[in-house]
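Nothing in this text is a laboratory measurement; each read-out follows from the coordinates by a stated rule. From a predicted model like this one, the values you see are computed outputs, not experimental measurements. Cβ sites come from the backbone with ideal geometry, for glycine too, and all protein chains shown count toward neighbours.
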Amino acid sequence: MNFGEGLTPEAFAFGLFTILTLGGALGVVTSLNLVRAAIWLMLSLFGIAGYFVLLSAPFLASVQVLVYIGAIGILFSFAVMLTRGMTNLKERFNDQWWLAGLAALTAFVLLMVGVIVPAFGNSGAPVSDQVTTTVDLGVALVSGNQYVLPFEVASLLLTAAMIGAIVIAREDD
Amino acid sequence: MVPLWMYLTVAAALFSIGMYGVLARRNAVAVLMGIELMLNAVNLNLIAFWRYLTPFNMSGQAFAAFVLVVAAAEVAVGLAIIIAVYRNRQSVEVEDVDMLKG
Amino acid sequence: MVNFNDVNYLPWLIPLGPMLAFAIIALLTNRSRLVPATSHEYGGHHPDYDGMLVPVVAPWSRVLSIVVGMAGMTAAWLMSLVVFFQGISTSKLGLDDKVFESSRNWLATGVETFRIGILVDPLTVVMLFMVPLVVMCIFIYSIGYMAHDPRQARFFALISLFAGAMLTLVVADNLLLLFVGWEVMGVCSYLLIGFWYEKKSAYRAAIKAFTTTRVADVIMLLGIVYLYTMTGTLSFRDILYNPEVLAMLAGTPALIVGSWGISAAGLIGMFLIIGTIGKSAQFPLHVWLPDAMEGPTPVSAMIHAAAMVSAGIYAIIRMYPLFEAGGHPHSGEFTLPLLLMAVVGAFTALFAATIALTQNDVKKVLAYSTISQLGFMMAALGIGAYIAAFFHLITHAFFKALLFMASGSVIHAMEHGEHHLHEHHDEHGDHDHAHADHHAHDAHDSHDAHDAHDAHDHHEIVGEPIDADDVDEPVTPHFDPQDMRNMGGLIRTIPVTAWTFIIGGVSLAGFPLITAGFWSKDEILADAWYVWSGTSSVVHIFVFVMLAMAAFLTAFYTARQLSMTFLGDHRTEAATHSGLGGPRSIISITMQLPLVILAFFAIVAGFVGVPPDFPIFGSIFAPNGNPFFDFVKYSLLTEMQPPKPPFNAIPVLVSFAVALGGLYLGWRMYGRTPLKAGEADPMTKILSPSAYKLLQNKYYIDELYVAVFVKPLKWFSKNVVVVFIDKGIIDGTIHLIARVFTWIGDLFKVLNLWLIDGVSDSIPQGIINFGAWFRRTQTGQIQQYMLWVLFAVLIIGLIFVVSAGFLQAAG
């Protein structure tokens, strides 16, 4: 843990994304209006995309923006609007909110104290400055001895999910 | 560079916040949003570990991509279910869906 | 990548064709429609089904199932041929490393990994010639035979699976895979014997076959397990082609019985042989096989020729070095398993042949002759005539499949004739349905025999193997198309079937020089004689005498069967009108073409095993040594290969004498003066009435088993369990307890009223309160459930973290 070298651009970006991500996440779970929650969600997910850029995974960052913020965010907005008529606008949380908070906090503390600090507290720089490129990811996803099978299964899953979503959400005749 | 543990801390925090949303929100759509936050926390972990520990092995990125795919499918089906439930029970409150009550 | 052009890998694909065909037919093409049970389409109409809807296979589904089944089997056959030709063109296949094999990891069992694979040595090569060819013929035959059955698609699915299992067994490189094929065949035989499950006798026979073979299979599995614990492998090559392993097995005393001088190899061998005694229907576990005739005739051919019973002998031949380990049968040193085989086989050969003398059912005669011939093979293996037994297995498969299918044609023709008679007063009759309608009659008749209160008997006794009370039930007499007394003169109505039947028959009888059966039987006898003359081993001469007598009886009952079926006058109207629906009908072609093919092999298959020093024939067919012998012997270690018996006139003359003598005597009794309609069997004049009855009732073995196993069990349940245990002990105890407690209760009633009341009230109240409290956890609130789960996870995580911390602090 060394903050003594001044504020590098990278550290600045990290801080910014942290504010976006965690702030957005808090917004998601606390805002009463679900349209706002959806906006907060997009903001949070954008912060994650920023992390991906910092972590030299530009492809995933762009996919994050396109799929999460673009597609899923919009999907949430539509779902909120379609079901808004009956939305209870008075109460955010259910009766167990304090228990849930306790549990979430315990989980966080447990993760920090039990796992992150003891196992990774002293690890500093990455093992290498060189990283793979998007080309490598593409090759890995379609090459026969790596991920082509999961890749195809994933596409099948998406198709099945699409059909399933249509069937479930369709008006019954 | 920013040390690894900071990413992990952010991810843990994000995970906990998402979990809180899942456990405490009344609205089913908000619950689903909480799940999305948790999935993103996992993705952040995957990418951070990949970058810091095994940058020449594509499994980190590949897994993150698959998590994304699964998340997309899950949201599509989840929202479809919410809409179906809404149509049948005129409610998207999680507490109203309690047919498993003993 | 695996290249399936390579003969080391090709055998993997051989069982795949029929297996795939099974899956496709069972999953896709076995589409049925529901029709009323009274409908014309549902041939096997059963009175219990009146007013019900029953499934009938759609026409397109019939055709598709035939196409798919044939395609799968043809693929297997072609690939087998490739392997066969590769095999016979490899010189000294089987010697040392010269086998086609490949294997891959299958089950990781802790430190070891069990490997699965295929092995092609000379045994496999020969089997791969015989099995697919015979099965192909059976398939073609089935097209005609099952053409009008309402469950035809189901039949093709099952028979494909059967074929696939048999081929798996043949190409397997380890005992476990062989056992898998073995068991799948067991299931298939159960399903196929009980194929016409509306018939009580059919499903009973199915259950009988299944339970009888199961007894043997469990013991065989014990042997496999023991072998694996001893050697750590089940691969044939590693155990059987490895002198050290064999010596180790022969030298180690067995578990438990080792103190009686039995080696591990001996015990394992006995277990495996008992498995074969069940599968190959040897005494005393032979009872299932005659009953298995209840299945469709192609199934009989499949079970009795190509597959199941051969599988038993094949397994023995495969594992033969294990049985021989520690002994040397060619110098008269027997091991226990060999002795068991020799005695059981020789006894069964003669025993079953005597039963076959008096049977009148055309298929039953063949069934007992099969048991007898399998006894030949067992006995031959017992005296070390390894190659002769295998040779007989192959030739027997050809002529016995031929005989069964020909008998099926005969039955079909008789049913046709019978139906022809009824046609004029049965307007809806369609003579193509004769076969199926027969079962309707059958079922109906036995149904009528029951009293009214027994009407639901059919449903109640499912699952009971042999119901003792029903064994002697009176059955209304009806026309039996399988009874040879109803036949006669069929050579004039179905000449092709008749001539092929005769070829198969004389081959079975061992007609000298020109039939396959002669050469293979002769080789067994020659082996027995040769070793006896060298060592004067008692077992060898015992086997020789028993088999010679059995061969004589075989020739005799074959002549009887042929004469009764085909010669003389038509003894019934049905025989006069018998036929297969014209020479160009599809039934006639598909049911007779396979007969012709098999008849060809029933003759020529013997010529591959002619001894080279046999006068005249040796120089024609075996100028360079006995080809079969020289090919197969390399599946054994060099030092284990059996010696080649030199030509000796005595056993050959005995073969001549028994075959010709038996055939002549049979012809003289039944052929020269054919039986008239209603005339008694001349056999009754020769044998005393009691002996005739004894044979006709198969030595009362079934009745014995009913008396020894079934009846005592019933008696035990009724008298011991009910009266003594249930009424006496259990009821008595309960009454005693009740009395004691009443007494105690009376004594303390007043005193303890408040206590009993208090306790008895508060316990349920406490349960109610607890339930009411606990019920609240079941809220149906998914988030609440998730919270519980999370707490559990957190607690587990906490335990992990804390314990890890302790460990770190400690270490």
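Just a few scattered comments:
- Inverse mean reciprocal Cα-Cα distance (Kirkwood Rh) of the range C:268-402, Å: 14.5 Å
- Crossing angle, helix C:586-604 versus chain C [Cα axis fit, 0-90 degrees, rounded to tens]: 70 degrees
- Membrane-span-like helices of chain A, defined as complete DSSP H segments with a Cα extent of 15 Å or more along the helix axis and a mean Kyte hydropathy of at least -1.0, are identified as A:9-30, A:34-54, A:97-110, A:148-169.
- Backbone HN-Hα couplings from phi across the range C:498-503 [Karplus 6.51/-1.76/1.60, Hz, Gly and Pro as x]: 4, 5, 5, 4, 5, 4
- Inverting the pair-averaged 1/r between distinct Cα atoms of the protein assembly as shown gives 35.4 Å as its Kirkwood hydrodynamic radius.
- Our summary of shape: the Cα atoms of the range C:102-229 have principal axis extents of 54, 31, 22 Å, ordered from largest down, in whole angstrom.
- Point-to-point label distance, residue A:130-residue C:657, nm (Cα→Cβ direction, 7 Å offset): 9.3 nm
- Chain C, dipole about Cα centre (Lys/Arg Cβ +1, Asp/Glu Cβ -1), debye to the nearest 20: 1320 debye
- Positive-end residue of B:17, B:94, C:319, charge dipole of the protein assembly as shown with Cβ unit charges: B:17
- With a simple spin-label model that places each label point 7 Å from the Cα along the Cα-to-Cβ direction, the separation between residue C:545 and residue C:747 comes to 7.8 nm.
- Chain C: translational diffusion in µm²/s, Stokes-Einstein, Kirkwood Rh over Cα pairs, 37 °C, 0.692 mPa s: 112 µm²/s
- Label-point gap, in nm, between residue C:704 and residue A:91 - each point 7 angstrom along Cα→Cβ: 8.2 nm
- Farthest toward the positive end of the dipole of the range C:274-406, out of C:350, C:298, C:388, is the Cα of C:298, where the dipole comes from beta carbon charges about the Cα centre.
- Total charge dipole magnitude, the protein assembly as shown, about the Cα centre, Cβ charges on Lys, Arg, Asp, Glu only, Debye to nearest 20: 1260 debye
- Cα long-axis angle, helix C:200-231 against chain C (0 to 90 degrees, to the nearest 10): 80 degrees
- Backbone N under 17 Å from the residue B:88 label point (7 Å along Cα→Cβ), restricted to the range B:11-31: B:28-29
- Annotation: amide H-H contacts under 5 Å for residue C:94 (H modelled 1.01 Å from N, sequence separation of 5 or more, or interchain): C:99.
- Extension reserve of the residue C:730-residue C:761 stretch, reckoned as 0.36 nm per residue once the Cα distance is removed: 8.1 nm
- Here the gap between residue C:693 and residue C:619, fully extended at 0.36 nm per residue and compared with their Cα-Cα distance, gives a gain of 21.8 nm.
- Cut-off under 5 Å, modelled amide H: who pairs with residue C:102 long-range: C:118
- Computed from backbone phi with θ = phi - 60° and the Karplus coefficients 6.51, -1.76 and 1.60, the 3J(HN,Hα) list for the range B:35-52 is 4, 4, 4, 5, 4, 5, 4, 4, 4, 4, 4, 4, 5, 5, 4, 4, 5, 8 Hz; x is used for glycine and proline.
- Chain A, helix-only ellipticity at 222 nm - DSSP H runs n ≥ 4, -39,500 (n - 2.57), divided by all residues, nearest 500: -20000 deg cm²/dmol
- Among A:115, C:608, the ranking by other beta carbons within 10 Å of each residue's beta carbon, starting with the fewest, stands as A:115, C:608.
- Rg and Dmax over the alpha-carbon atoms of the range C:630-769 stand at 38.1, 104 Å.
- In the structure shown, the pairs C:521/C:693; C:693/C:714; C:199/C:364; C:200/C:279; C:199/C:685; C:400/C:698 are assessed against 25 Å; a Cα-Cα span above that value is assigned to C:521/C:693; C:693/C:714; C:199/C:685.
- Positive end of the dipole of the protein assembly as shown (Cβ unit charges, origin at the Cα centre): among C:782, B:49, C:277, the Cα lying farthest that way belongs to B:49.
- Per residue Cα convex hull volume in Å³ - calculated over the range B:4-101: 88 Å³
- Computed E for residue C:721/residue C:803 - FRET, C-beta separation, R0 35 angstrom, nearest 0.05: 0.05
- Under the convention that each Lys and Arg Cβ holds +1 and each Asp and Glu Cβ holds -1, the size of the dipole of the range B:4-101 around its Cα centre is about 60 debye.
- Per-residue 3J(HN,Hα) values for the range C:4-21, derived from phi via the Karplus relation 6.51 cos²θ - 1.76 cosθ + 1.60 with θ = phi - 60°, read 7, 6, 6, 5, 6, 10, 3, x, 4, 7, 4, x, 5, x, x, 4, 4, 4 Hz in sequence order (x marks Gly and Pro).
- Between helix B:4-24 and chain B there is an angle of about 0 degrees, using the helix long axis and the longest principal axis of the Cα atoms.
- Within chain C, helix-based [θ] at 222 nm, where runs of 4 or more DSSP H residues each add -39,500 (n - 2.57), nearest 500: -20500 deg cm²/dmol
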